[in-house]
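Remarks on the structure that follows.
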Amino acid sequence: MKPIEDPADDLRVTEPKTWAAGLPGVQHALGYSLSQTSPRRTALTLLNLNQAGGIDCPGCAWPENKKRHTNEYCENGAKHVNDEATSRRITAEFFAEHSVADLDAHSDMWLNQQGRLTEPMLKRAGATHYEPVGWDEALGLVAAELRGLDSPDEAMFYTSGRVSNEAAFLLQLFVRAYGTNNLPDCSNMCHESSGDALGATLGTGKGTVSLDDIHAADLIFVVGQNPGTNHPRMLSALEETKRNGGKIIAVNPLPEAGLIRFKNPQRPRGIVGRGTKIADQFLQIRPGGDLALFQLLNRLLLEAEDAAPGTVLDHDFLDQHAIGLDELRAHLAGLTWDEVLAATGLAREEIEQTLAMVLEARSVIVCWAMGLTQHKHGVPTIREIANFLLLRGNIGRPGAGVCPVRGHSNVQGDRTMGIWERPPDAFLDALGAEFGFEPPREHGVDSVAGVRAMREGRAKVFVGVGGNFVRAMSDSDVTEEALRSCRLTVQVSTKLNRSHTVCGETALILPTLSRSEVDRQAGGVQVVTVEDSMSQVHASRGKLEPASPHLLSEVAIISRLARRTLEPNPRIDWAGFEADYGRIRDHIARVVPGFDDFNAKIADGAGFRLPTPVADRVFRTPSGKAVLTCNELEWLRVPPGHLVLQTMRSHDQWNTVPYSGNDRYRGIHDARRVVMVNPEDLAELGLADRSLVDVVSVWTDGTERRAPGFRVVGYPAARGSAAAYYPEANVLVPLDSVADGSNTPTSKGVIVRLEPVPEPVPEPAGAVTDGTAVR
Ligand SMILES: Nc1nc2c(c(=O)[nH]1)N[C@H]1C(S)=C(S)[C@@H](COP(=O)(O)OP(=O)(O)OC[C@H]3O[C@@H](n4cnc5c(=O)[nH]c(N)nc54)[C@H](O)[C@@H]3O)O[C@H]1N2
Ligand SMILES: Nc1nc2c(c(=O)[nH]1)N[C@H]1C(S)=C(S)[C@@H](COP(=O)(O)OP(=O)(O)OC[C@H]3O[C@@H](n4cnc5c(=O)[nH]c(N)nc54)[C@H](O)[C@@H]3O)O[C@H]1N2
Ligand SMILES: [Mo]
């Protein structure tokens, strides 16, 4: 197969698109799929995606529609599943040819494009290359390191949200039986703020709505979210809301295509027609202004109630189910329009129009994603949204509620299974009782604390089950240094990524089956289960032949590692778990609430919904009531000459893995080192469109961080804001810059300045390049 070179940076800019999805979307998906694999494998994956008895799409956590279409997938889900179904393979010869240093000099895109990992590889201490190693030796080596540590807390075990319920349950069981709660996960960088805020206000960490609620809502806010790229199937749901007469308000610093118009490829007239207008109102907010916006809306609701008592608030609901109304009223009295307008960058008339729409709507849902959670004040922002919904009783009735839209396809399930560094005592009690051991009670490290622990030598072994920790975390240089200082790093992976090239003294790559592949064990072909963003649990059955005969499933890897590391416990039958995942589910049924009769409940393809007590107005807070909270108003004050930078996904990437240099909807082509800024801000800063800059972030301790060589692109972003892609811009987010309460890196609120740099002298024609590029 033709070798893939690192992509040249060759920026081309076109007009941003004003609608999303439709046929071009499908064509792009097929184009990418066919560049990775054969038409037959493409057809096999796509026809089985999100079908009963088929593969759960690993593309995102949006739930499947119960009335499944044959094509219940989207462009980006298709690209994603075929990226893992690729026919390209990485063999031992590849690792013999490329030293670790050489691999590290290649781009993230290049690493991913090399194909699927096929056998376990070991980099011995002091070696320059990875070499093949048998599974026994590999797992024996990890077990010996783990057993040799002074304390189990010197090891940490990272999980990415692709891991199935079964593997996640076993992983946390193994780690706790080993003796630590060091179980950081990608949630720490993702929806941790949502869990924190909703736990304190509603007594749940999860969303409260179902797909039927979305369809039935009178008004839906889509806040801090780019569904056209990251949850394309959500657009079909919003289309249905609109058909049922509901309205949508989009709140975003960027006019994202999917928020404007949607053309549904599943409908006969799909692409020919004008499509469905999505947002009835678009609030182009300044980054970090959402807390101010919702505080003001709440204050205006209280004022409207005073003006016409008994007509605005849901008094029955508040009296019976909530506490804190008087305190909230007193707290919001001090809020001024001026401050809110400064914080949001919105006009008074816009907010008045929003209020009118809210007052007209009987049932309201607020959806959100990373645009809220990854801010310093992400937790109070989401608490304020809970206030907003509670005031009018928009919780626990049809068409109303909170909808944090999760990212990874099983990130919610992994938490349900106990992947959490701060497990509740009730969970540990049940786990200990089921398996006859005393789980550790002391909380473990999250992702940020984990980096600190490695850097300071308190953590010496890093095990990553999925994901790409070094590129996902903030402060890339600091995180790299942390991982390099480990004695041993172990990555359970499907594809090559930066976490294999930035590694510990000794490093292991343990290749695993992907979700789309048939999982054969001693007890026959296995299914796994996942939980979507709306608490729906169902089975996923792989269809493709495994990428290599040497792959082990995640369940098998964890079971075997546990058997080698731990003293035998007659109540934990690791070999039995590996042979038959149904036995794992039998234990889950007894340990995790809501999973009774687990095996029986997944027998039909549809699966089941976990209990959502808040949907029945049961609040598991200390008072048994929902809590209206008083939140200090915070927003991002930006010194003159600076901008607030957000780091986000392009249309052609999946988290840390870019698939191409294109961001089609935003009109960016063949380049990723770009920073999008409002043309008026560019004029004020004296910067020309397309000029070359270093992006420099300034942090409160006076230190600066620099991401060199970005092209400025004039873009209709909110005034005072800038946007660049993750993970290229992660180097700018200081490790200590985290959301209060949740410790999530502030990937959406980085204060930066743009420093012009001289244009590079063009290379003379005919110059030879070595095929590598700067990251
Ligand atoms: N194709 C594809 N699908 C994915 C992923 C992927 O990488 N590729 N990743 C998955 C994962 S793990 C996740 S968590 C989700 C992420 O889904 P999103 O949260 O949609 O992802 P981001 O690209 O980070 O986009 C953040 C959005 O918030 C807006 N925003 C930024 N700051 C603010 C703010 O202060 N206020 C408001 N109101 N808006 C703001 C941005 O303009 C942008 O539209 O997607 C999941 N699905
Ligand atoms: N600056 C900035 N940083 C961010 C974000 C941001 O918006 N801005 N977003 C944050 C968010 S929301 C998240 S969720 C994290 C994502 O962080 P991670 O989840 O750690 O990163 P991914 O890029 O999803 O991981 C990709 C790798 O997972 C492996 N993989 C894929 N499928 C499987 C599988 O089935 N099993 C196993 N074992 N491995 C598999 C492949 O080897 C692939 O290279 O990044 C966070 N970091
Ligand atoms: Mo995420």
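The values are calculated or read from the model by the stated rules, or taken from the named source; none is laboratory data. This structure is a prediction, so every number in the text was calculated from the model and none was measured. Backbone-built Cβ (ideal geometry, glycine too); neighbour counts: all protein chains shown. In case anyone asks, the SASA skips ligands and DNA or RNA and just uses the protein heavy atoms, side chains included. Shrake-Rupley method; radii C 1.70, N 1.55, O 1.52, S 1.80 Å.
Determine ³J(HN,Hα), in whole Hz, for all residues of region 566-578 in sequence, where each value follows from phi through the Karplus function 6.51 cos²θ - 1.76 cosθ + 1.60 and θ = phi - 60°; x replaces Gly and Pro.
My calculation for region 566-578 gives 9, 5, x, 10, x, 8, 10, 9, 4, 5, x, 4, 5 Hz in order.
Select from region 353-458 those GluC sites (Glu not before Pro) which occupy a DSSP coil region and have at most 11 other Cβ atoms within 10 Å, ordered by residue number.
Details: sites: Glu360, Glu384, Glu421, Glu434, Glu442, Glu456; in loops: Glu421, Glu442, Glu456.
Loop-located and lightly packed - Glu442, Glu456.
Would you mind getting me the FRET efficiency between Glu137 and Glu684? Use the beta-carbon distance for r and R0 = 56 Å, nearest 0.05.
On the way: r = 61 Å, r/R0 = 1.09.
Taking R0 as 56 Å, the efficiency between Glu137 and Glu684 is 0.35.
Identify the trypsin sites (Lys or Arg not before Pro) of region 179-286 meeting these criteria: DSSP loop state and at most 12 other C-beta atoms within 10 Å of the C-beta.
Details: sites: Lys206, Arg233, Lys242, Arg243, Lys247, Arg261, Lys263, Arg269, Arg274, Lys277; in loops: Lys206, Lys263, Arg269, Arg274.
Taking region 179-286 and a limit of 12 other Cβ atoms within 10 Å, the loop trypsin sites (Lys or Arg not before Pro) found are Arg269, Arg274.
Under 5 Å between amide hydrogens, which residues at least 5 positions from Trp654 or on another chain qualify, with H placed 1.01 Å from N in the peptide plane?
Tyr659
Taking only protein heavy atoms and a 1.4 Å probe, what accessible area per residue, in Å², does region 643-756 have with all protein chains in place?
Numbers: 3270 Å² over 114 residues.
Roughly 29 Å² per residue, with all protein chains present.
Among DSSP beta bridges whose residues both lie in the chain, state the antiparallel percentage, nearest 5.
Values: 39 of 90 bridges.
Approximately 45 percent, going by the DSSP bridge assignments.
Given H placed 1.01 Å from N in the peptide plane, which residues other than close sequence neighbours of Ile248 have an amide H under 5 Å from its amide H?
Under 5 Å from the amide H of Ile248 lie the amide H atoms of Ile220, Asp280, Gln281, each far enough along the sequence or on another chain.
May I ask you to evaluate 6.51 cos²θ - 1.76 cosθ + 1.60, the Karplus curve with θ = phi - 60°, for each residue of region 227-237 and list the ³J(HN,Hα) values in order in whole Hz, giving x for glycine and proline?
x, x, 9, 9, 9, x, 5, 4, 5, 4, 5
Can you compute the modelled spin-label distance between Leu47 and Asn244, with each label point 7 Å from Cα toward Cβ, in nm?
Result for the modelled spin labels: 3.3 nm.
Are there cysteines in the chain with no second cysteine's Cβ under 4.7 Å away, and if so, which?
Among the cysteines of the chain, those whose Cβ sits 4.7 Å or more from every other are Cys57, Cys60, Cys74, Cys186, Cys190, Cys486, Cys503, Cys630.
If you take the C-alpha gyration tensor of the chain, multiply each eigenvalue by 5 and take the square root, what semi-axes do you get, largest first, in whole Å? Intermediate results must be reported in sequence, preceding the final value.
Numbers: eigenvalues 289, 210, 135 Å².
Over the Cα atoms of the chain, the ellipsoid semi-axes are 38, 32, 26 Å.
In deg cm²/dmol, rounded to 500, what helix-only [θ] at 222 nm does the chain give when every DSSP H run of at least 4 residues adds -39500 (n - 2.57) and the total is split over its residues? Let's see the in-between values first.
Working: 31 runs with 271 residues, N = 775.
Estimated from H runs of four or more residues: -10000 deg cm²/dmol.
Would you please state which residues of region 611-627 a label at Gln320 would reach in this model, taking the label point 7 Å out along Cα→Cβ and a backbone N cut-off of under 20 Å?
612-627
Want the number for Thr621 to Ser151: 0.36 nm per residue separation, take away the alpha-carbon distance, what's left? Spell out each step's value before the answer.
On the way: separation 470, 0.36 × 470 = 169.20 nm, distance 3.49 nm.
Once the chain is fully extended between Thr621 and Ser151, it gains 165.7 nm.
Ignoring ligands, DNA and RNA, what percent of the 1.4 Å accessible area of region 192-404 is carbon and sulfur?
On the way: 3320 of 6710 Å².
Percent of accessible area from carbon and sulfur atoms in region 192-404: 49.
Quick one: accessible area per residue over region 290-375, 1.4 Å probe, rounded to a whole number of Å²?
It amounts to 40 Å² per residue over region 290-375.
Could you tell me how far the Cα centroid of region 601-680 sits from the Cα centroid of region 305-345, in Å?
First find each Cα centre; the distance between them is then 26 Å.
Apply the a/c threshold of 1.5 to the C-alpha gyration tensor of region 643-756 and tell me whether it is rounded, prolate or oblate. Each step should come with its number before you reach the end.
Values: a/c = 1.74, a/b = 1.15, b/c = 1.51.
Oblate, since a/c reaches 1.5 and b/c is not below a/b.
Among bridges DSSP assigns within region 192-404, what percent are antiparallel (round to 5)? Mind showing how you got there, number by number?
Values: 2 of 19 bridges.
Once the DSSP bridges in region 192-404 are tallied, antiparallel ones form about 10 percent.
With a 1.4 Å probe and all protein chains left in place, how much of the accessible area of region 638-766 comes from carbon and sulfur atoms, in whole percent?
The value for region 638-766 is 57 percent carbon and sulfur by accessible area.
List the GluC sites (Glu not before Pro) within region 277-342 that fall in a DSSP loop (any state other than H, G, I, E or B) and whose Cβ has at most 10 other Cβ atoms within 10 Å.
Details: sites: Glu303, Glu305, Glu327, Glu339; in loops: none.
Listed in order of number, the matching sites amount to none.
Placing one identical point scatterer on every Cα of region 192-404 and ignoring solvent, what is log10 I(q)/I(0) from the Debye formula at q = 0.07 Å⁻¹?
Evaluating at q = 0.07 Å⁻¹ gives log10 I(q)/I(0) of -0.20.
Work out, step by step, the length gained on full extension between Val518 and Glu759: first 0.36 nm times the residue separation, then minus their alpha carbon distance; give nm to one decimal. It would help to have the intermediate numbers written out before the result.
Details: separation 241, 0.36 × 241 = 86.76 nm, distance 5.15 nm.
Gain in length upon complete extension: 81.6 nm.
Between Ala589 and Ala356, what length comes free when the chain is fully extended (0.36 nm per residue of separation minus the Cα-Cα distance, one decimal in nm)? It would help to have the intermediate numbers written out before the result.
Working: separation 233, 0.36 × 233 = 83.88 nm, distance 4.70 nm.
Length difference between fully extended and current span is 79.2 nm.
Ignoring ligands and nucleic acids, what accessible area does Asp338 show with a 1.4 Å probe (Å², nearest 10)?
Answer for Asp338: close to 120 Å² accessible.
Among residues other than Gly714 whose Cβ falls under 13 Å from its Cβ, what is the net charge (Lys/Arg +1, Asp/Glu -1)? Please report the intermediate quantities before stating the final value.
Details: positive: Arg666, Arg690, Arg711, Arg719; negative: Glu15, Glu680, Asp681, Glu684, Asp689.
Spelling it out: positives minus negatives among the neighbours equals -1.
Taking R0 as 51 Å, what's the FRET efficiency between Ser691 and Ser87 from their Cβ-Cβ distance, rounded to 0.05? Before the final figure, lay out each step's value.
Numbers: r = 41 Å, r/R0 = 0.81.
The computed FRET efficiency comes out at 0.80.
Near the amide H of Leu552, under 5 Å away, which other amide H atoms are found, from residues 5 or more places off or on another chain, if H is placed in the peptide plane?
Leu513
Go through region 376-391 residue by residue and turn each phi into a ³J(HN,Hα) via Karplus (6.51, -1.76, 1.60, θ = phi - 60°); whole Hz please, and just put x for glycine and proline.
3, 9, x, 5, x, 4, 6, 4, 5, 5, 4, 3, 4, 6, 5, 4
Which percent, to the nearest 5, of DSSP beta bridges fully inside region 643-756 are antiparallel? Working shown, then result.
Numbers: 20 of 29 bridges.
Here the antiparallel bridges make up roughly 70 percent for region 643-756.
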